[in-house]
1. Would you work out the Kirkwood radius for region 226-276? I mean one over the mean of 1/r across all pairs of different Cα atoms, in Å.
2. Straight-line reach from Lys258: which lysines have a Cα under 25 Å away, not including same-chain ones fewer than 8 places off?
3. For region 65-180, max minus min Cα coordinate along each principal axis, in Å, sorted largest first?
4. What is the local net charge at His119, summed over the other residues whose Cβ is closer than 13 Å to its Cβ (Lys, Arg +1; Asp, Glu -1)?
5. Can you give the net charge of the other residues whose Cβ lies under 15 Å from the Cβ of Val88, counting K and R as +1 and D and E as -1?
6. Counting Lys and Arg as +1 and Asp and Glu as -1, what is the net charge of the other residues whose Cβ lies under 12 Å from the Cβ of Arg134?
Amino acid sequence: MNEEPPSPDSSRWTWRIRSWFSRPIRDRKSLLQQIRTARDEHVLGDDALAMFEGVLSVSEMRVRDVMVPRARMAVVSREATPEEALAVVVESGHSRFPVIGEDRDEVVGILLAKDLLRHFVDPSREFRLVGEMRPVAFIPESKRLNVLLKDFRASRNHMAVVVDEYGGVAGLVTIEDVLEQIVGDIDDEHDATQAFIFKHDDQHFTVKGLTPIEDFNKYFAAGLDENGFDTIAGIVSASLGRLPERDDEVDLGGFHFKVLRADDRRVHLLRLDLAA
């Protein structure tokens, strides 16, 4: 059975895409420039541009940039009863939990919420937390995100416990944390100017919570204090004195921030308005 020949329009777009990406690429900067120029000439859409930039940023980021800090980990004690473990599940809304011994430095396994819930579906089924635990994967906080993503897919693990250079628990990271850096949730009206900052016009921007303060200061010629903080989310949280929630607002260094998206672990997106 003969296939239909490609339409003139599809052939034209295929040729344009091939011509763009057959150009010599000297480094990451030149690749990004080609991708952004392709978007400007309507070869790629804004969604595709954001995806490319997300993939490239993941190749440079490390686990420490996206992990949930140790103090904010939702954990289950090894000695917890099913009811106590269920309370943690309900309060946090997560699906996977580190199981700890004496303290948070002693992570002995991972509990899946679905394994716990089987006990409540069938109360006659004996539940022993130690017997239900899954093995825990430990990774260094310096590990690159693109390498971690490959490891997650190969091992089918969706969570890893992050350790510092001394072997202490620094936090945890999930596959969703990594994928979010690639996919994001920036709508197609945003003019992406770099991986973390998305420009609307000369006065209004959308900023990812994980934007490094150093990069923010360089982009806006600003002077936000970098001492003790690595990201915009960190400095906004410190200014509020708590973990920010959606619609929280704060003024910092001539900038007005409004939280657009946050969960019980961290800030994801903020709207930035330049002060008049």
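1. 11.0 Å
2. Lys199, Lys208, Lys218
3. Its Cα atoms span 45, 28, 23 Å along the three principal axes.
4. So the surrounding residues net to -2.
5. Local net charge: -1.
6. Cβ neighbours under 12 Å give a net charge of +1.
Laboratory data are not the source of any read-out in this text; all were calculated from the coordinates shown. Just so it is clear, the structure is predicted and the values come from calculations on it, not from any experiment. Don't worry about glycine lacking a Cβ; one is built from the backbone with ideal geometry, like all the others, and counts go over all protein chains shown.
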